[in-house]
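To keep things clear, I will list the structure first and then write my remarks on it.
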Amino acid sequence: MMNEHAKHDVRAVAREFQIPGDFLSAATHGSGHINDTYCAVFNQRGTPARYILQRINHRVFKDPAKLMQNVHRVTEHLGRKIADEPDAGRRGLTLIATRNGKACHCDGDGNFWRAYIFIENAHTYDVVESPEQAYEAAKAFGRFQKLLADLPAPRLHDTIPGFHDTPRRFAALETAVGADAVNRAKLAKAEIEFALKRKALTRQLLDANLPERVTHNDTKLNNVMFDDATGEGICVVDLDTVMPGLALYDFGDMVRATTSPAQEDERNLSKVTMQFPMFEALARGYLESGSDFLTGAEKKLMALAGKLITFEIGTRFLADFLAGDLYFKIHRENHNLDRCRTQFKLVEEIERQEEHMNQFIESITDGTHAARSARKPRKPNVKN
Ligand code: ADP
Ligand code: GN1
Ligand code: MG
């Protein structure tokens with residue numbers, strides 16, 4: 001295993017938090033594109049105990065202190081609301097304070113760090129394995145929105161202003177194409193053309209006058225932990241982008257991240273498909289948690305949101321590729337272009353099936369299939 005202390009002195013960072021016992025080791029953890037996540041192990045009276053230590057990417061999150069205020073308020077609120085549930089400690093993230101009682105530690109290099117209790121006997125998945133899993137993920141994210149609906153004022157900070165402002169993301173792409181800072185536009189002609197043709201799509205959610213809610217804004221499948229024993233989506237993680245938003249940003253991102261059987265950076269685009277059974281399961285799971293607070297207008301636009309958010313993230317990958325990979329971590333040449341391609345392929349797949357997706361949503365929201373809508377999907381049928 002790579003010696004992570006070469007990059008950051010995780011042992012020194014760990015000492016700053018109220019974690020009992022002796023530091024044993026730390027290794028990188030997870031596959032996020034933004035922060036640096038470590039799993040640190042401590043010896044607590046002969047028993048190993050694990051913790052998550054995370055360095056917040058302050059190039060992306062410009063004000064980590066405000067971000068941590070959000071995270072603190074959100075974790076406390078969720079903690080209070082679920083306190084009486086069995087296994088409550090695994091159903092929400094628990095921040096560990098620094099030795100001087102703060103939510104995060106700033107090291108000598110200006111890096112901001114936080115620590116969480118490690119949720120044991122649970123895992124995340126980068127690629128969906130079954131409709132049951134899609135259902136569980138969507139139910140968990142829907143429940144997350146529901147539990148945060150009564151978060152007391154004030155409004156949460158916008159940790160990244162305009163995060164899901166699709167027209168703004170599109171304008172950023174146009175700027176990146178115009179600047180062509182690292183002379184890569186020639187490698188992405190088809191993708192640029194694909195994007196420019198769909199400019200009209202970008203305003204469609206903003207123009208729908210939907211209510212502002214507290215939303216997660218990054219509902220990738222690997223931001224839900226699944227219980228190893230039951231498969232239940234027990235805990236939503238990655239709270240950096242929890243802020244005011246539209247409910248459909250979250251549902252749309254679930255469609256983006258959880259309907260295709262391929263990795264987000266898959267190079268064989270024939271593997272990228274919008275599997276209808278996954279969409280059905282996502283919609284059912286989300287409505288299971290959300291049907292009583294979501295408006296009719298929100299429900300009606302669920303399929304559109306899937307297309308729009310997939311397009312939006314595709315434009316972000318493309319803009320970053322054109323700018324020289326300044327935002328998303330990359331691990332190989334043209335990585336962001338490969339990621340853009342899977343997103344745009346998925347947009348095409350959604351366009352092809354959009355009518356059917358809308359019909360399905362209508363059928364489970366107008367009462368005709370009400371009994372089925374609340375039920376879990378049956379055994380896996382993951383074929384497209
Ligand atoms: P990133 O912003 O880099 O995506 P995340 O907060 O999503 O960071 O964490 C990365 C991964 O670490 C998650 O996908 C999950 O597998 C794991 N993880 C995060 N928090 C915890 C936790 N409290 N307990 C166990 N695993 C966690
Ligand atoms: C980033 O941090 P991570 O890997 O969960 C990004 C999301 C994108 C996602 C694409 C703060 O999420 O917006 O949808 O990559 N997060 C941020 O995989 O930009
Ligand atoms: Mg994550």
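Scanning segment 220-247 for residues that are more than 11 Å from ligand 1 (Cβ to nearest atom) and in contact (Cβ under 8 Å) with a residue 60 or more places away in the chain returns 227, 228, 229, 231, 232, 233, 242, 243, 244, 245, 246, 247. Here residue 282 does not fit the description of being surrounded by fewer than 19 Cβ atoms within 10 Å (Cβ to Cβ), in contact (Cβ under 8 Å) with a residue 12 or more places away in the chain and farther than 18 Å from residue 156 by Cα. Of the residues that make up segment 203-222, is at least one out of contact with any Cys (no Cβ under 9 Å at 6 or more places or on another chain), of a type in the set (Ser, Thr, Tyr) and within 28 Å of residue 37 (Cβ to Cβ)? Yes; the residues of segment 203-222 include at least one that is out of contact with any Cys (no Cβ under 9 Å at 6 or more places or on another chain), of a type in the set (Ser, Thr, Tyr) and within 28 Å of residue 37 (Cβ to Cβ).
Output yes when any residue across segment 28-43 is at positive phi and either within 14 Å of ligand 3 (Cβ to nearest atom) or of a type in the set (S, T, N, Q) (or both), and no when none is.
The answer is yes, given that some residue of segment 28-43 is at positive phi and either within 14 Å of ligand 3 (Cβ to nearest atom) or of a type in the set (S, T, N, Q) (or both).
Only a single item in (1) of a type in the set (S, T, N, Q); (2) surrounded by fewer than 20 Cβ atoms within 10 Å (Cβ to Cβ); (3) within 12 Å of ligand 3 (Cβ to nearest atom) is not met by residue 54, and it is number (2).
One residue stands out in segment 48-77 among those that are within 20 Å of residue 91 (Cβ to Cβ) and hydrophobic (A, V, I, L, M, F, W, C): the one that is nearest to ligand 1 (Cβ to nearest atom), namely 52.
This table checks each residue for (1) within 16 Å of ligand 2 (Cβ to nearest atom); (2) assigned to a loop (DSSP other than H, G, I, E, B); (3) of a type in the set (A, V, I, L, M, F, W, C); (4) out of contact with any Lys or Arg (no Cβ under 7 Å at 6 or more places or on another chain).
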{"residue": "8", "(1), (2), (3), (4)": "no, yes, no, no"}
{"residue": "25", "(1), (2), (3), (4)": "no, no, no, yes"}
{"residue": "30", "(1), (2), (3), (4)": "yes, yes, no, yes"}
{"residue": "39", "(1), (2), (3), (4)": "no, no, yes, no"}
{"residue": "49", "(1), (2), (3), (4)": "no, no, yes, yes"}
{"residue": "59", "(1), (2), (3), (4)": "yes, yes, no, yes"}
{"residue": "70", "(1), (2), (3), (4)": "yes, no, no, yes"}
{"residue": "75", "(1), (2), (3), (4)": "no, no, no, yes"}
{"residue": "79", "(1), (2), (3), (4)": "no, no, no, yes"}
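Going by the structure shown, is residue 163 assigned to a loop (DSSP other than H, G, I, E, B) and in contact with an Asp or Glu (Cβ under 9 Å, 6 or more places away or on another chain)?
When the stated conditions are applied, residue 163 passes them.
Looking at residue 151, is it among the hydrophobic types (A, V, I, L, M, F, W, C), surrounded by 15 or more Cβ atoms within 10 Å (Cβ to Cβ) and either more than 21 Å from the chain's Cα centre (by Cα) or not in a loop (DSSP other than H, G, I, E, B) (or both)? Criteria not met by residue 151. Residue count for segment 102-131 satisfying the condition of being more than 16 Å from ligand 3 (Cβ to nearest atom) and within 27 Å of residue 339 (Cβ to Cβ): 5. Here is the figure for segment 318-357: residues that are more than 19 Å from residue 257 (Cβ to Cβ) and either within 16 Å of ligand 3 (Cβ to nearest atom) or in the same structural domain as residue 61 (by TED's automatic domain parsing) (or both) total 0. So is residue 162 surrounded by fewer than 21 Cβ atoms within 10 Å (Cβ to Cβ), without any contact (Cβ under 8 Å) to a residue 60 or more places away in the chain and either among the basic types (Lys, Arg) or over 28 Å from residue 340 (Cα atoms) (or both) or not? No. Applying the criterion of being aliphatic (A, V, I, L, M) and buried (at least 22 other Cβ atoms within 10 Å of the Cβ) to the residues of segment 247-271, the residue that is farthest from residue 336 (Cα to Cα) is 247. Being at pLDDT 95 or above, of a type outside the set (S, T, N, Q) and surrounded by fewer than 15 Cβ atoms within 10 Å (Cβ to Cβ) is not true of residue 16. Within the bounds of segment 223-232, is there any residue that is within 16 Å of ligand 3 (Cβ to nearest atom), closer than 22 Å to residue 158 by Cα and in a helix (DSSP H, G or I)? For segment 223-232, residues within 16 Å of ligand 3 (Cβ to nearest atom), closer than 22 Å to residue 158 by Cα and in a helix (DSSP H, G or I): present.
When residue 242 is tested against (1) within 16 Å of ligand 2 (Cβ to nearest atom); (2) crowded, with 24+ Cβ neighbours inside 10 Å; (3) under 18 Å from residue 302 (Cα atoms), exactly one condition is not met: (3). Within segment 78-94, not a single residue is of a type in the set (Val, Ile, Thr) and under 26 Å from residue 264 (Cβ atoms).
Among the conditions (1) part of a loop (DSSP other than H, G, I, E, B); (2) within 16 Å of ligand 3 (Cβ to nearest atom); (3) of a type in the set (A, V, I, L, M, F, W, C); (4) touching a helix residue (DSSP H, G or I) at 6+ places or on another chain (Cβ under 8 Å), residue 141 misses just one, which is (1).
The values are calculated or read from the model by the stated rules, or taken from the named source; none is laboratory data. From a predicted model like this one, the values you see are computed outputs, not experimental measurements. Methodologically, a virtual Cβ is constructed for each residue, glycine included, from the backbone with ideal geometry; neighbour enumeration extends over all protein chains shown.
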